[in-house]
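So the structure is just underneath, and the comments pick up after that.
The values are calculated or read from the model by the stated rules, or taken from the named source; none is laboratory data. For clarity, every value in this text was computed on a predicted model and none was experimentally measured. FYI the Cβ positions are ideal-geometry reconstructions off the backbone, even for glycines, and counts take in every protein chain you see.
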Amino acid sequence: MGKQFEAILPEHEAFIGRQHIFFVASAPLTAEGHVNVSPKGHDALRILSPNRVAYLDMTGSGNETSAHVDENGRITVMFCAFEGPPNILRLYGTGTVVLPDTPEWDALYPRFVSLPGARQIIDIDVHLVQTSCGFAVPFMAYEGERDTLQRWSVQKGEEGLRQYRQEKNSRTIDGMPTPLGKSL
């Protein structure tokens with residue numbers, strides 16, 4: 001078992017700031033439901049306090065995390081060192097989904113770089129931080145961000161994104177409704 005902390009320490013914040021990708025895991029309460037793990041890139045995560053982070057969630061082909069968080073709040077965010085000394089850092093917490101056109105969105109969204117295709121913010125109260133060795137994680141060199149999603153979002157336009165989200169982001173693969181689907 002790795003080392004456990006009650007909050008994000010300055011050294012954890014520095015490590016998180018150097019990472020180019022993070023992974024988000026969530027699951028529904030039902031045993032038949034699928035566990036979801038999603039990679040997240042771009043400059044999309046903000047540390048709001050030692051026990052609170054948020055990330056700007058972009059339009060994608062699914063919306064599992066949003067529905068799982070809406071149902072039960074459980075969420076884990078994981079960072080891996082692909083460069084430098086080995087390290088894995090996990091943030092265990094309880095999340096909430098923040099949709100556009102809400103006071104919570106208006107308070108959080110200005111903290112992020114504006115990216116085409118932003119669909120929601122996942123706001124997380126962190127109750128446990130854990131680090132572990134990461135000895136088996138390979139070295140990989142960062143070459144840059146892909147702009148595919150941003151170009152796709154711009155090409156779709158707001159109305160096209162709304163229709164896409166209604167079709168692809170309203171329900172999970174298990175049929176659970178998402179907060180975004182409830183608002184469309």
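Please enumerate the residues belonging to the range 154-184 that are at pLDDT below 95, touching a Pro at 6+ places or on another chain (Cβ under 9 Å) and of a type in the set (K, R).
Matches in the range 154-184: none.
Within the range 102-128, how many residues turn out to be out of contact with any Lys or Arg (no Cβ under 7 Å at 6 or more places or on another chain), over 12 Å from D57 (Cβ atoms) and in a strand (DSSP E or B)?
Of the residues in the range 102-128, 2 are out of contact with any Lys or Arg (no Cβ under 7 Å at 6 or more places or on another chain), over 12 Å from D57 (Cβ atoms) and in a strand (DSSP E or B).
Just one of the numbered conditions (1) hydrophobic (A, V, I, L, M, F, W, C); (2) assigned to a loop (DSSP other than H, G, I, E, B); (3) at pLDDT 95 or above is not true of L56; which one?
Every condition holds for L56 apart from (2).
Step by step: first the residues of the range 80-125, then only those that are within 24 Å of W152 (Cβ to Cβ) and hydroxyl-bearing (S, T, Y), then the one that is surrounded by the fewest Cβ atoms within 10 Å (Cβ to Cβ). Which residue is that?
Taking the candidates together, the pick is S114.
Going through the range 45-79 one residue at a time, which ones are among the small types (G, A, S) and either buried (at least 22 other Cβ atoms within 10 Å of the Cβ) or closer than 14 Å to G93 by Cα (or both)?
Listed by number, the residues that qualify are S49, A54, S66, A67, G73.
Do we find a residue being hydrophobic (A, V, I, L, M, F, W, C), under 17 Å from the mean Cα position of the chain (by Cα), assigned to a loop (DSSP other than H, G, I, E, B) and closer than 28 Å to T172 by Cα anywhere in the range 9-22?
Yes.
Can you tell me which residue in the range 131-166 is nearest to M58 (Cα to Cα), limited to those that are basic (K, R) and under 21 Å from the mean Cα position of the chain (by Cα)?
If we take residues in the range 131-166 being basic (K, R) and under 21 Å from the mean Cα position of the chain (by Cα), then R165 is nearest to M58 (Cα to Cα).
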